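In what follows, a structure is listed as structure tokens, so that the remarks can point back to it.
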Amino acid sequence: MNNHIMPTYARLPVCFERGEGAWLWDTDGKRYLDALSGIAVCNLGHAHPAVTAAVSAQAGKLVHSSNLYRVGLQEHLADELTAASGMDNVFFCNSGAEANETAIKLARKYGHVMGIEKPAILVMESSFHGRTLATLSATGNRKVQDGFEPLVSGFVRVPYNDADAVEAIRDPNIVAILVEPVQGEGGVRIPDSTYLQQLREICDRRHWLLMLDEVQTGMGRTGSLFAYQQMDILPDVFTLAKALGNGVPIGACLARGKAAEMLTAGKHGSTFGGNPLACAAALAVLKTLRENRLAARAKKLGASIAEQFRAELKGNPYVTEVRHKGLMIGIQLDKPCGELVGLALEQGLLINVTAESTIRLLPPLILADDQANLLVTQLASIIKTHTLQK
């Protein structure tokens, strides 16, 4: 179809017009089971009543007011997030990339305060932090960076899930580590259970900031409100977006201790960040996650789905592993499998393939048991049929 949208996505031939819970309907009335949640955005599913009510009520009162003035709902949301996370303060923006940009600026300011003229941040291979110039420079994926050189300097890269590689770094300009608790775009790569604890110890010893990118793992996705809460650590900085507003654009960068003192008046800002509409949505999301114990639900249901997939795909020579952390699930094939996305779409199932050979599933946290069973049965059948034809 010819249109005037820049072709930045290889869009699939479907257009959705409404949703309810874990279901979406296209413009022809066909129904799809959404096992992607807008890429970990709609953790409460589509058209959730609490979010709908909050957004509708707020839209009728006040959508936007400048950050030159106090924003009551923003203050309320900041109170809720800091109380839930152990952080001291929060900066609100509009996306995960902006939240990570904030963290990068914060780390550089910290470095200058520490007397380091050219502060650098340790980042990981196969990571993904966004598509702005700084965040794509931090990202460990050449495909994302290709054609946008010169990249932003000040990033030192090491392998993911390798604390020894971090320990071996002797660069005096390093001031922080930026890392995902689970690499989503990198293929649902789950590190060793002690990895973040090891990074925390190294940062403490070297006076570095530990900064976690929780844009995809946060808001209950991995089995706790924030993934680091399962590791018995506190980061100095962490970022949120995606599911924070359940589809209403909002991002956040939270900090504690010295890190919370870095960004002062005039040092950073956002025109739309933390406006009343976005904060109303996020407050409804937090309340719903808490009252319905959806993080615990994600932990239990994710384990069940992963186990069902292992049973269904046992003996398939093309399936090498099923990984999961809560409802962040990766089915690893031994070869590229991007065509499975289109095959699943034809059968009314929305999935994603990342890192070329990992089927990534990010179903909504409100997924019912019968919907989970349908997901497993339908996708396992597609995988079996596809691999038998190879």
Suppose R0 equals 25 Å; then what is the FRET efficiency for residue 9 and residue 149 from their Cβ-Cβ distance, rounded to the nearest 0.05? 0.65
Over the stretch 205-295 - Rg/Rh using Cα atoms and the Kirkwood inverse-distance radius: 0.99
Surface accessible to a 1.4 Å probe, per residue, for the residues of the chain, Å²: 45 Å²
Excluding residues fewer than 8 places away in the same chain, name every one of the lysines whose C-alpha is closer than 24 Å to that of residue 300. 242, 287, 314, 325
Cα-based Rg of the stretch 1-121 normalised by 2.2 N^0.38 Å, two decimals: 1.48
Whole-Hz couplings from phi, Karplus 6.51/-1.76/1.60, listed for the stretch 115-122; x for Gly and Pro: x, 9, 6, 10, x, 10, 10, 7
At a 1.4 Å probe radius, carbon and sulfur cover how many percent of the accessible area of the stretch 1-114? 57 percent
Tabulate in residue order the Karplus-calculated ³J(HN,Hα) for the stretch 252-257, using 6.51 cos²θ - 1.76 cosθ + 1.60 with θ = phi - 60°, rounded to whole Hz; enter x for Gly and Pro. 8, 10, 9, 9, 9, x
Could you bin all the Cα-Cα distances of the stretch 177-246 into 10 Å bins starting at 0 and give me the percent of pairs in each, rounded to whole numbers? 21, 56, 21, 2
For the stretch 345-390, what value does the Rg/Rh ratio take when both radii are computed over Cα atoms and Rh is the Kirkwood radius, given to two decimals? 0.98
The chain: Cα Rg divided by the 2.2 N^0.38 Å rule of thumb: 0.98
Over the stretch 286-390, consider all pairs of different Cα atoms and compute the Kirkwood hydrodynamic radius from their mean reciprocal separation; express it in Å, one decimal. 14.1 Å
Along the stretch 76-88, what does the Karplus equation 6.51 cos²θ - 1.76 cosθ + 1.60 (θ = phi - 60°) give for ³J(HN,Hα), rounded to whole Hz, x for Gly and Pro? 4, 5, 4, 4, 5, 5, 5, 5, 6, 10, x, 8, 9
Could you tell me which trypsin sites (Lys or Arg not before Pro) in the stretch 201-299 are loop residues by DSSP with no more than 15 other beta carbons within 10 angstrom of their beta carbon? 267, 293
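Note the direction-averaged projected area, equal to a quarter of the hull surface, for the Cα convex hull of the stretch 91-214, in nm².
Mean shadow area of the hull around the Cα atoms is 7.5 nm².
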One would report the Cα pair-distance distribution of the stretch 142-293, bin width 5 Å, in %, as 2, 8, 15, 18, 19, 18, 12, 6, 2, 0
Beyond 20 Å, what share of the Cα-Cα pairs of the stretch 1-69 is found? Please give it as a whole percent. 51 percent
Nonlocal amide H pairs with residue 353, under 5 Å, H built at 1.01 Å: 360
Relative contact order in percent for the stretch 1-65 (Cα pairs under 8 Å, 6+ apart) equals 22 percent
Ignoring ligands, DNA and RNA, what percent of the accessible area of the stretch 262-359 is carbon or sulfur (1.4 Å)? 51 percent
Residue-averaged [θ]222 nm for the chain, counting only DSSP H segments that reach four residues, each worth -39500 (n - 2.57): -11000 deg cm²/dmol
Using only the alpha carbon atoms of the stretch 57-97, find the Kirkwood hydrodynamic radius as the inverse mean reciprocal pair distance, in angstroms to one decimal. 11.8 Å
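The values are calculated or read from the model by the stated rules, or taken from the named source; none is laboratory data. Predicted model only: the values in this text are computed from it and were never measured. Here the Cβ is made from the backbone with ideal geometry for all residues, glycine too, and neighbour counts use every protein chain on show. The protein model used for the area step is the full one, side chains on, heavy atoms only, and it has no ligands, DNA or RNA in it. Shrake-Rupley method; radii C 1.70, N 1.55, O 1.52, S 1.80 Å.
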